[in-house]
1. Among the residues that make up segment 9-21, is at least one of them modelled with pLDDT of 90 or more and either more than 15 Å from the chain's Cα centre (by Cα) or assigned to a loop (DSSP other than H, G, I, E, B) (or both)?
2. Of the residues R36, R65, which is of a type in the set (D, E, K, R) and at pLDDT below 90?
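The values are calculated or read from the model by the stated rules, or taken from the named source; none is laboratory data. Keep in mind that what you see is a predicted model, and the values were worked out from it rather than measured.
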Amino acid sequence: MSPEYFCRGGWGVFPFIMPLVMFVVVMTILYFAFRRGGDRPPWRNDSGTAIELLKKRYAKGEVSREEFEQIKKDLLL
């Protein structure tokens, strides 16, 4: 074997491939750490459409029946 082979350590393309492999591993770990089983990112905490949110507010008593009907009518236009 030539002296150049030993100067490089004999690793060939390993130093060039290893950063790519590490990047893929880190991205995979981040993907599984931050996914929540949906298309929404984990920092979005709203759940559903405007009508669903309105129904939840009505169920909690935050809006009256009249307000609920008026907002629902406005949303469905």
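1. Scanning segment 9-21 turns up at least one residue that is modelled with pLDDT of 90 or more and either more than 15 Å from the chain's Cα centre (by Cα) or assigned to a loop (DSSP other than H, G, I, E, B) (or both).
2. Only one candidate qualifies: R36.
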